[in-house]
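Chemist: Provided herewith is a single structure, encoded as structure tokens, for subsequent inquiry.
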Amino acid sequence: MAFDLVPPSDSRHSTLQKGFNLRWPKGNVQGESSPDGANLIYLCHTPQDIIDAAAQALAMPNGRITVRSGGHCYEGFVSNVMPNAPGEALSILDVGQMNQVAYDPNGQIGSVLVPDSPYRYSVRLEPGCQNWDTSVALYKLAGKALPSGSCYSVGLGGHICGGGYGLLSRKYGLVCDWLDGVDILVADATGTGLEPVHVSRDSSDSDELDLFAACCGAGGGQFGIITSYYFKALPPAPREVLWLPLEWDLNELDRTKLGGLLDAYQLWFASHQADPSTWGLATKLEMRHANTGNVTLGIHYVDKDGQLDDLAPFDDFVSSMLAAVGGSARESLLPFHVVHQPSGMNKGRHITSLRTAHDAARRLDWLYATQSLNGSGDNQRGRYKSAYQKGAFTLKVKDAIWNTMKWPDPAQYLTQSLIQIQSFGGRINEMEAPILAQTSAAQRSSYLKWQPQCYWHSADDAVDQAHANWIRGLFKAAFSTGVPDDAQFEGCYINYPDLDMTYIGGDPANAKNPSWYGIFFPNPLIESRLRRTKQRWDPLNVFRNEMSVPLP
């Protein structure tokens, strides 16, 4: 067997039990293996390694397997033993070394896992490929781009099957919208091993089409282990982009000014949805807690032809945001992925007009802009939430955001805490009908996408609880039910998993919400298809976690 087995006696074990979020595994103590984490880690280099490792791991009493590509799961679904599962023997199948990129301009790449499959493609990506390495490879091989995320070390294994969203998604759609085929290892009839399947967008078999649709936005670790993604075509990489990072000192903002910015921000994307020439504008608005710093707005722009010949949408957006706040912004000087940006420290140039905005904007080659903006940040403890927004900001929501930024924090724990609201919509909401018929990315009416997030280093219960209270407090104050299902919202993003959403009111102090799955998949047709697909392809629930597709 060619896989590399890492048992508890291996010096690498305590490290490889972990992923990016150091809250996991439960009981994580630096330098020690956790009894609540994986007993065994299998480092797999080929599909056969995965098959052999799974057979060995599932043969153990109470054996359960999870899969890791880049290690960025926000919750402990890969790293933790299941709750209320005494004696569970958890094994992680790590596919991070399966990172090949293949390109054939003649479109003759066939399935590696099922060689007899008739379908042919131009691009094959293995699940261990990471965002930045993939961007470089596709650009140099073919001048193509994935509209994928800006965290460089995120693995494609989970990123694509959860939808795949990034700075080019308003222009090109989600990554899963370009997907055409998948190699996947599914559980056999006994639940003790895996068998190979290739599913294609062009399949005539309804069960295969359902499984393919599940790989287009339902999230990872629920139906099988994906060993290759296939694409017939990918969009061209832009030639250049314009990047402008704005910053407003929190001490110079008040509730009214921030509310005006939020109103203008949402209105611009909603009112320009019908104009494809504006879809190349993507943004990240980050509103920090007072102990974390200022409000920043990163603006990433490419015109409809992938160049910078037409700056009208950029000019209109910048002018609208400056007018909404009044006064001046400053050029943000710190790398944009830096969370802690204290008030009163920015010495960037004042931006008071479109002319000064153009002076501060950076014209960059797309590839090097992607490198510059690629920031996963430190490996530390973190909490996250998500929401899709399709309507305007209500007074209740604006007050919740402002009050969360000003949340009392006398111990100064909240030094890396922010509410990020990104642009959404564009091509995502206008995708062709055949693509929408085979997607599990249910939210296609929103113009904004929330990702509140907070980070800390100390493994201290009081510090953990302070961050939990802060981020939960935002949703409790913003939404009438504690979850984003008000009329202006469209639920949550499965690739930002949040166990709070599985409880009534989004509060773990309450009972479980039997309808929680619909918060992530608010389209009833998609939800019912995913439940049917799980029943068909994994009826024994071999691939399970605390937020996997509920079985009857």
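Bear in mind these aren't lab numbers, they're just calculated from the coordinates by the rules spelled out. Source: prediction; values computed, not measured. Cβ: placed from backbone, ideal geometry, glycine included. Neighbour counts: every protein chain shown.
Chemist: Can you give the relative contact order of the stretch 239-377 as a percent, counting alpha carbon pairs under 8 Å and 6+ residues apart? Before the final figure, lay out each step's value.
Modeler: On the way: 218 pairs, mean separation 50.2, N = 139.
Relative contact order of the stretch 239-377: 36 percent.
Chemist: Which aspartates and glutamates, on any chain, are close to Lys347 with Cα under 15 Å apart, when same-chain ones fewer than 8 places away are left out?
Modeler: Glu247, Asp249, Glu252, Glu331
Chemist: Can you tell me the orientation of helix 312-325 relative to the chain, as the angle in degrees between its alpha-carbon axis and the longest Cα principal axis, to the nearest 10?
Modeler: The two axes meet at around 70 degrees.
Chemist: Less than 17 Å apart at the alpha-carbon level, and either on another chain or at least 8 residues along: which aspartates and glutamates does that give for Lys385?
Modeler: Glu75, Glu286, Asp464, Asp485, Asp486, Glu490, Asp498, Asp500, Asp507, Glu546
Chemist: A follow-up question, please. Starting from the eigenvalues of the Cα gyration tensor, five times each then square-rooted, give me the equivalent ellipsoid semi-axes of the stretch 1-97, largest first, whole Å. Spell out each step's value before the answer.
Modeler: Working: eigenvalues 74, 46, 30 Å².
Values for the stretch 1-97, descending: 19, 15, 12 Å.
Chemist: Compute the helix-to-body angle for 131-142: its Cα long axis versus the longest principal axis of the chain, expressed 0 to 90° and rounded to tens.
Modeler: So the inclination is approximately 90 degrees.
Chemist: Nothing charged except the Cβ atoms of Lys and Arg (+1) and of Asp and Glu (-1): what's the magnitude of the dipole of the chain about its Cα centre? Round to the nearest 20 debye.
Modeler: Numbers: 45 positive and 57 negative charges, 187 e Å.
With Lys and Arg at +1 and Asp and Glu at -1, about 900 debye.
Chemist: Measure nothing fancy, just the Cα-based angle from helix 461-478's long axis to the longest principal axis of the chain, in degrees from 0 to 90, nearest 10.
Modeler: 70 degrees
Chemist: Right, another one. Around Leu246, what is the net charge, scoring Lys/Arg as +1 and Asp/Glu as -1 over all other residues with Cβ under 9 Å from its Cβ? The partial results should precede the final answer.
Modeler: On the way: positive: Arg330; negative: Glu247, Glu331.
Charge balance near Leu246 sits at -1.
Chemist: Which residue, Val186, Trp132, Pro105, has the largest displacement toward the positive end of the dipole of the stretch 101-237 when charges sit on each Cβ (Lys, Arg +1; Asp, Glu -1)?
Modeler: After comparing all options, I get Trp132.
Chemist: Then there's this: Using all alpha carbons of the stretch 382-523, what is the percent of pairwise distances in each 10 Å bin, ordered from the shortest bin to the longest?
Modeler: Using 10 Å bins, I get a P(r) of 11, 40, 33, 13, 2, 0 for the stretch 382-523.
Chemist: Quote the relative contact order of the chain in percent (integer), defining contacts as alpha-carbon pairs under 8 Å separated by 6+ residues. Mind dumping the intermediate values first?
Modeler: Details: 1269 pairs, mean separation 81.7, N = 552.
This gives 15 percent for the chain.
Chemist: Right, next: Sorted from largest down, what three extents in whole angstroms do the Cα atoms of the stretch 72-117 have along their principal axes?
Modeler: Reported extents, whole Å, longest axis first: 52, 25, 15.
Chemist: Additional query: Can you give me the pair-distance distribution of the chain, C-alpha pairs, 20 Å bins, whole percents?
Modeler: The percentages, shortest bin first, are 22, 57, 21, 0.
Chemist: Give me the log10 of I(q) over I(0) for the stretch 239-377 at q = 0.15, 0.17 Å⁻¹, as the Debye formula computes it from C-alpha points; what are the numbers?
Modeler: -0.73, -0.94
Chemist: Okay, moving on. Could you tell me which of Leu308, Ala329, Val339 has its Cα farthest along the dipole of the stretch 210-358 towards the positive end, charges placed at Cβ (Lys, Arg +1; Asp, Glu -1), taken about the Cα centre?
Modeler: The listed residue farthest towards the positive side: Val339.
Chemist: I would also like to ask the following. Bin width 10 Å, alpha-carbon pairs only: give the P(r) of the stretch 101-237 as whole percents, running from 0 to the bin holding the largest distance.
Modeler: 13, 46, 33, 7, 1
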